[in-house]
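Here's the structure, in structure tokens; my notes come after.
The values are calculated or read from the model by the stated rules, or taken from the named source; none is laboratory data. Keep in mind that this is a model prediction, so the values were computed, not measured. Counting neighbours? That spans all protein chains shown, and the Cβs are built from the backbone with ideal geometry, glycine included.
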Amino acid sequence: MHREEGKLGSIYDSNVTSFDPFPFAPEQRSNDPILASMIAPVTTAMVDFVTRTVGWKVDARYNALSYDVNRMWDRGEDLRKGSVPELRQAVAPTPSCACSSPRLE
């Protein structure tokens, strides 16, 4: 959404936008606007909570979001289809279910 305006809409709330640093790229190449703005304050809050409230003293670095893990997610076509095909297959054996109606198409 909002690509024609040179902006990115958040996947969490499409009304929240930021300027797209790569407006002519075929796919989004930068972080989600909401997620990018949350990383620093959430990390600070978590580190404070874990060390002061919980009392854990850890010398390791706390990562609220691991970009290495994020890159390993499978972003294939099945992800873009959503769950409608699976839902239709699940309810098809139950003719009495309104969800199996052809009107869903």
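Name every residue in the range 12-25 that is aliphatic (A, V, I, L, M) and surrounded by fewer than 13 Cβ atoms within 10 Å (Cβ to Cβ), in order of residue number.
Ala25
Report every pair of residues separated by at least 6 positions or lying on different chains whose Cβ atoms are under 9 Å apart, first residue within the range 51-71 and farther than 16 Å from Ala36 by Cβ, second surrounded by 10 or more Cβ atoms within 10 Å (Cβ to Cβ) and modelled with pLDDT of 85 or more.
From residues that are farther than 16 Å from Ala36 by Cβ, the pairs are Trp56/Val50; Lys57/Thr51; Val58/Val50; Val58/Thr51; Tyr62/Thr43; Tyr62/Met46; Tyr62/Val47; Tyr62/Val50.
So which residues in the range 1-18 are closer than 12 Å to Ser37 by Cβ, in a loop (DSSP other than H, G, I, E, B) and of a type in the set (Ser, Thr, Tyr), if there are any at all?
Ser10, Tyr12
Could you tell me whether the range 20-35 includes any residue that is of a type outside the set (Ser, Thr, Tyr), more than 19 Å from Leu8 (Cα to Cα), in a helix (DSSP H, G or I) and at pLDDT 80 or above? I'd like the intermediate steps shown before the answer.
Within the range 20-35, the first condition is being of a type outside the set (Ser, Thr, Tyr), and the residues that meet it are 20-29, 31-35.
Checking which are more than 19 Å from Leu8 (Cα to Cα) leaves us with none.
Taking every residue of the range 20-35 in turn, none turns out to be of a type outside the set (Ser, Thr, Tyr), more than 19 Å from Leu8 (Cα to Cα), in a helix (DSSP H, G or I) and at pLDDT 80 or above.
Hey, among the residues in the range 1-11 that are among the charged types (D, E, K, R) and surrounded by 13 or more Cβ atoms within 10 Å (Cβ to Cβ), which one's farthest from Ser66 (Cα to Cα)?
Initially, the range 1-11 is screened for residues among the charged types (D, E, K, R), giving 3-5, 7.
With surrounded by 13 or more Cβ atoms within 10 Å (Cβ to Cβ) added as a condition, the list becomes 3, 7.
Working: Arg3: 26, Lys7: 24 Å.
Checking each candidate, the answer is Arg3.
Can we say Ile39 is in contact (Cβ under 8 Å) with a residue 24 or more places away in the chain and under 18 Å from Arg71 (Cα atoms)? Walk me through how you get there before you give the answer.
Values: in contact (Cβ under 8 Å) with a residue 24 or more places away in the chain: yes; under 18 Å from Arg71 (Cα atoms): yes.
Yes.
I want to confirm something. Restricting to the range 54-105 and keeping residues that are of a type in the set (Asp, Glu) and modelled with pLDDT under 75, which single residue is farthest from Pro41 (Cα to Cα)?
If we filter the range 54-105 for residues that are of a type in the set (Asp, Glu), which is where we start, we get 59, 68, 74, 77-78, 86, 105.
Filter again for modelled with pLDDT under 75, leaving 74, 77-78, 105.
Details: Asp74: 28, Glu77: 33, Asp78: 33, Glu105: 43 Å.
Going through the qualifying residues, I end up with Glu105.
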